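Values in this text are rule-based calculations from the coordinates and carry no lab data. Note that the structure is predicted; figures quoted are calculated from it, not measured. Neighbour counts are summed over all protein chains in view; Cβ atoms, including those assigned to glycine, are modelled from backbone coordinates with ideal geometry.
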Amino acid sequence: MSAINYDLSKIRGMAFDIDGVLSPSTIPMDINGNPQRMVNIKDGYALQLAVKRGLRIAIISGADSPALRVRYAGLGITDIYLKASVKLPVLTDWMAKEGLTPDEVAYTGDDIPDIEAMRHAGLAIAPADAAPEVKETAGYISPVAGGYGVARDLIEQVLRDRGEWMSDAKAFGW
């Protein structure tokens, strides 16, 4: 049984912020001031499996780095939107392109710029360390902090609900 109080069978698409969601909120910087983000391997495994299972995945972030594009494209994600200073228009454009309705989309965000997009999606997710205003908006608050398995938490629950978590050989490889 899912910890998320939502009909997960409706979810066909998921959108994720990067900083504070797929990477921790604290980001080391190199000598030139470039952010050096960490990634969570379990999130990566879940994201690539979600793609294989036919879920539409979007990355929507205000960040911009070639490394981010390489990381998420390497997991099979084709909808990567960087430098998205206002996220709602990007989310609605992506949903229209994919033929998704709000009740079919989960959006995971951690800070003020994510709130409008979270309100538009049927299911709003926040990491445990999200801003208080984001937690108030969320329909589900993950027990883990951003960068430490938030995507894995959501994807695993959705795929379990669909009977597609560890259901065949696709689940045991990258």
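The spacing between the stretch 1-16 and the stretch 99-174, judged by their C-alpha centroids, is 7 Å.
Charge dipole of the chain (Cα centre as origin; +1 on each Lys and Arg Cβ, -1 on each Asp and Glu Cβ, all else neutral): 560 debye, rounded to the nearest 20. Taking θ as phi - 60° and the Karplus parameters 6.51, -1.76 and 1.60, the scalar couplings of the stretch 33-38 work out to x, 7, x, 10, 7, 8 Hz in sequence order, x denoting glycine and proline. Computed over neighbours whose Cβ is under 15 Å from that of ALA106, the net charge equals -3, Lys and Arg +1, Asp and Glu -1.
Our estimate of slack between GLU133 and ALA3, defined as 0.36 nm per intervening residue step minus the Cα-Cα distance, is 44.7 nm. Over all other residues within a Cβ to Cβ distance under 10 Å of SER2, the charged ones net out to -2, with Lys and Arg as +1 and Asp and Glu as -1.
For the stretch 24-125, the list of trypsin sites (Lys or Arg not before Pro) that fall in a loop by DSSP and count at most 10 other C-beta atoms within 10 angstrom reads LYS83. Our summary gives the chain a relative contact order of 30 percent, counting only alpha carbon pairs under 8 angstrom and 6 or more residues apart. Counting Lys +1, Arg +1, Asp -1, Glu -1, what net charge surrounds GLY62 among other residues with beta carbon under 10 Å of its beta carbon? Combined, the nearby Lys, Arg, Asp and Glu give -3.
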